[in-house]
Every structure is written in C-alpha cells, then in structure tokens.
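Below: the structure, in structure tokens.
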Amino acid sequence: MGFSAEPGSQRLQGRLEMPADGPALRAGDKGLVQLTGDGPTLALLNDGRLRGETLEVLGEFESNGWFRVGPIHSKSLWVTREGRRFSVSYWCAVCSIRTYSPGKCWCCQEETELELLKAEAP
C-alpha cells in the first residue's frame, strides 16, 4: 500500500508505550503523547505485541493534546524498523484471512497472529 493521508494530517513518530490511561507514543521533544482513534485503531494500539515498537502515525492533535490517529481504513499507522516501514496486519493461518486489528478470526475463532508487511515508501 502506498502513502495515504487525509488533507491537513500531521505525522507523529515514537515508541509505543502503554500507560494506565491508554496507548501513547514517546515522541522525542513532544514527550509522551496519548493516542486515540476509532475502535479498530484503538484495538491495534492496545495490542501488547506492539509495545516498544517505533510507530509512525498520521492524524491530528486534538485540543486536549491527544493525537487522533486516522481511521483504520485510511492506512495511517506503520511500524518502523531500521528505516523501513511496515504495515500492521493480523493473519489467520487456519482460514487464510487477513484483518487489520487484533482478535479472533471471524471464521474459526482462533486468535489471529500479528504480521508486519513491508510497505511502500511514502
């Protein structure tokens, strides 16, 4: 998938942390920035398997200082490792079904596996 962003969106990058009040990015000089988004995006951000990963997100700052990540369908979130960007997806090996937020496969009800896919450069 290529770069996708809503007009006027902002970019934020940092290490994903999971304090008690919800997912946040440790974003350099911005400090700890709380994240919010739609239901599927929040499910992804709360996936403990991503804790400590460096994320790049697109969205916008809200008046309370939180950062609202773009909706899951807008492809607004990537893991970055060694300068490479990966999209986050979840795979059911039993049913060969891919989803974009964690949970049980809608078919067999087995837990889906986190799978990072190399993404195109922006």
Exercise. Taking amide H positions as placed 1.01 Å from N in the peptide plane, with prolines and chain starts having none, which residues 5 or more places from E115, or on another chain, fall under 5 Å of its amide H?
Worked result: S89, Y90, W91
For this session: Tell me which label goes with the value of Rg/Rh (Cα atoms, Kirkwood Rh) computed from the coordinates here: (1) 1.04; (2) 0.92; (3) 0.96.
Result: (3)
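Ranked from the most accessible area to the least, with a 1.4 Å probe and all protein chains present, what is the order of S101, S63? Kindly include the intermediate steps, with their values, before the conclusion.
Working: S101 30, S63 135 Å².
Solvent-accessible surface, decreasing: S63, S101.
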Problem set entry | Dipole in debye (nearest 20) - the chain, about Cα centre, beta carbon charges: Lys, Arg +1; Asp, Glu -1 | 260 debye
Exercise. How much mean residue ellipticity at 222 nm does the chain get from its helices, if each DSSP H run of length 4 or more adds -39500 (n - 2.57) and you divide by all residues, to the nearest 500 deg cm²/dmol?
Worked result: -1500 deg cm²/dmol
For this session: Return the carbon/sulfur percentage of the accessible area of the chain, one whole number, probe 1.4 Å, all protein chains in place.
Result: 50 percent
Problem set entry | Average accessible surface area per residue within segment 5-76, 1.4 Å rolling probe, Å² | 50 Å²
Exercise. Among K30, K75, K104, which one shows the biggest mean-square fluctuation in a GNM of the chain, springs joining Cα atoms closer than 10 Å?
Worked result: K30
For this session: Enumerate the amide H contacts of R85 below 5 Å, restricted to partners 5 or more residues apart or on another chain; note that Pro and chain-start residues carry no placed amide H.
Result: A119
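With both bridge residues required to lie in the chain, what share of the DSSP beta bridges run antiparallel, to the nearest 5%? Walk me through the numbers on the way to the answer.
Working: 33 of 35 bridges.
In the chain, DSSP labels about 95 percent of beta bridges as antiparallel.
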Problem set entry | Rounded FRET efficiency, nearest 0.05, which uses the C-beta distance separating D29 from L114 and R0 of 41 Å | 0.90
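If packing is taken as the average number of other Cβ atoms within 10 Å across a peptide's residues, how do 10-23, 41-54 rank, most packed first? Let's see the in-between values first.
Working: 10-23: 14.2, 41-54: 16.8.
The packing order, highest mean first, is 41-54, 10-23.
The values are calculated or read from the model by the stated rules, or taken from the named source; none is laboratory data. As the structure is a computational prediction, the values presented were derived from the model and not from experiment. Please note: Cβ atoms are built from the backbone with ideal geometry, for glycine as well, and neighbour counts cover all protein chains shown. Accessible surface areas use protein heavy atoms only, side chains included; no ligands, DNA or RNA. Shrake-Rupley method; radii C 1.70, N 1.55, O 1.52, S 1.80 Å.
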